[in-house]
Amino acid sequence: MAYHQGGYGAAPGGHAAMQQDPLYGYFSAVAGQDSQISADELQRCLTQSGISGTYKPFSMETCRLMVSMLDRDLSNSLGFNEFKELWQVLNGWKSTFMSYDRDRSGTVEGNELQHALNSMGFNLSPQAMNIVMKRHSCGGRIAFDDFVGCCTKLRALTDQFRRRDQRQTGAATFQYDDFIQVTMSI
């Protein structure tokens, strides 16, 4: 019997396996009876887990962005498998951020951000980088929470774009309503 490990719940006999996963403790501590976590529950979970390390806890806006990035069933929440995927992504982004925050200030500058984004496959034009810096920086520096928010938006928008760029040419056609749905859902 085939099953999908995305946001559709556990595989047959999967509940016991989930409970053995170390991440399940963080997840189940905040998940309601629906076994889903909302943005505010995600914020509590990530704060309690300490994944942000010495950086400030994630803002509610960043948590909303993270939920929308992986909320495949449009429930405005994450199931355990979606949460596990987010955990892996967050750890990758944290490692990238730390490798470019060479002075350990808890922030990255514009050129460091550009190198970090390039290392993750986001090759943005100077004009796009300028917009990213204006939106996500404070005094020319980007804190970890803003870095995660930026990465979340870039990943979600890139995923949506790729779905529409069927020939992988770097061009996609959107109807106005589709464009609004994509951008407003992130």
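The values are calculated or read from the model by the stated rules, or taken from the named source; none is laboratory data. None of the values given here were measured: they were computed from a predicted structure. Note: accessible area is taken over every heavy atom of the protein model, side chains too, but ligands, DNA and RNA are not part of it. Shrake-Rupley method; radii C 1.70, N 1.55, O 1.52, S 1.80 Å.
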Heavy atoms only, probe 1.4 Å: what % of the accessible area of the range 82-124 goes to carbon and sulfur, would you let me know?
44 percent
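Leaving out ligands and nucleic acids, and using a 1.4 Å probe, what accessible area per residue does the range 46-88 come to in Å²? Write down the numbers at each step before the final one.
Numbers: 2020 Å² over 43 residues.
Result: 47 Å² of accessible area for each residue.
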Taking 8 Å as the Cα distance limit and 6 or more residues as the minimum spacing, I'd like the relative contact order of the chain as a percentage.
20 percent
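Compute the Kirkwood hydrodynamic radius of the range 50-113, taking the inverse of the mean of 1/r over all pairs of distinct Cα atoms, and give it in Å to one decimal.
Numbers: mean 1/r = 0.0762 Å⁻¹.
Final number for the Kirkwood radius of the range 50-113 is 13.1 Å.
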³J(HN,Hα) computed for each position of the range 102-109 - Karplus, 6.51 cos²θ - 1.76 cosθ + 1.60, integer Hz, glycine/proline x
5, 8, 6, 7, x, 9, 10, 8
When you have a sec, figure out the Kirkwood radius of the chain from all distinct Cα pair distances and drop it here in Å to one decimal?
17.8 Å
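Take the solvent-accessible surface of the protein heavy atoms, probe 1.4 Å, and return the percent of it on the range 142-186 that carbon and sulfur atoms account for. Mind dumping the intermediate values first?
Working: 1410 of 2820 Å².
Solvent-exposed carbon and sulfur of the range 142-186 make up 50 percent of the total.
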Rg/Rh of the range 77-186 (Cα atoms, Kirkwood Rh), to two decimals, equals 0.99
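Below 8 Å between Cα atoms, with a sequence gap of 6+, how large is the relative contact order for the range 42-131 in percent?
The normalised contact order for the range 42-131 reaches 15 percent.
For the range 90-186, what does the accessible surface come to per residue with a 1.4 Å probe? Please give it in Å².
60 Å²
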